[in-house]
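Structure first, commentary second.
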Amino acid sequence: MGGVTGRDARGRPLRMSGTLADVEAFHVLQEQLLAATRLASVGTLAAGLAHEINNPLSWMLANLDTAQELLATPAIDPAVARRHAELVGLLGEVLVGAERIAGIVRAMRSLGRPERAGQAQLVDVRGELLDAIKARGIHGEVSVKPLRDAAATQSTRPLADVAQWAHELRNA
């Protein structure tokens, strides 16, 4: 607030002029900015946690699938076959829990980057494929070669939802 008072020769006020500013709107905007900053910090934290959880979770899911497949092979001894069936059931329950965690991780990632959740991005097909192969527990030297010359194509990185792409490769 600022103002000027016009006075007569004896010092009595004759007129006043001034300005008033309503700072309430400013304070509301300041609080909204602070809340948005806090939310952005929570999103960044959630995305970082999701990334750290997702790496071992991917290995767990792949190994659970592999363990179920190995136990699904018929056993000659009936007692061993019953134990295999029990283990397959238990692994199925563990797999359901791990997939639930994967859903939570996806939600945490979208909280951290809401502008990119579910949107198409350039996918490094070779890198995603190698990661999926490693996650499946395939060891040794693995080579991924393109079917056609990369120089002949305009782009070797298609647009896709990267999380969905990785999920499909992991479950292929």
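Listed conditions (1) among the hydroxyl-bearing types (Ser, Thr, Tyr); (2) touching a Gly at 6+ places or on another chain (Cβ under 8 Å); (3) without any contact (Cβ under 8 Å) to a residue 40 or more places away in the chain are all met by Thr66, apart from (3). Surrounded by 11 or more Cβ atoms within 10 Å (Cβ to Cβ), under 26 Å from Leu129 (Cβ atoms) and touching a helix residue (DSSP H, G or I) at 6+ places or on another chain (Cβ under 6 Å), is that true of Ala67? For Ala67, the condition - surrounded by 11 or more Cβ atoms within 10 Å (Cβ to Cβ), under 26 Å from Leu129 (Cβ atoms) and touching a helix residue (DSSP H, G or I) at 6+ places or on another chain (Cβ under 6 Å) - is met.
Taking residues in segment 11-27 that are in a loop (DSSP other than H, G, I, E, B), and partners anywhere that are not charged (D, E, K, R), the pairs with Cβ atoms closer than 8 Å and at least 6 places apart or on different chains are Leu20/Met1; Ala21/Met1. When Thr44, Thr73 are screened for being outside any helix (DSSP H, G or I), hydroxyl-bearing (Ser, Thr, Tyr) and farther than 25 Å from Leu129 by Cβ, only Thr73 passes. Can we say Ala36 is over 30 Å from Gly3 (Cα atoms), free of Cβ contacts under 8 Å to residues at least 24 places away in the same chain and in contact with a Pro (Cβ under 8 Å, 6 or more places away or on another chain)? So Ala36 does not fit the description; no.
Looking across Glu93, Glu52, one residue alone is more than 22 Å from the chain's Cα centre (by Cα), modelled with pLDDT of 80 or more and of a type outside the set (Ser, Thr, Tyr). It is Glu93.
Scanning segment 70-114 for residues that are surrounded by 11 or more Cβ atoms within 10 Å (Cβ to Cβ) and among the hydroxyl-bearing types (Ser, Thr, Tyr) yields a total of 1. Going through segment 11-63 one residue at a time, which ones are among the polar types (S, T, N, Q) and more than 25 Å from Met108 (Cα to Cα)? Those that are among the polar types (S, T, N, Q) and more than 25 Å from Met108 (Cα to Cα): Ser17, Thr19, Gln30.
The values are calculated or read from the model by the stated rules, or taken from the named source; none is laboratory data. Note that the structure is a prediction, hence the values are computed from the model and not measured. Cβ atoms come from the backbone with ideal geometry, glycine included; neighbour counts cover every protein chain shown.
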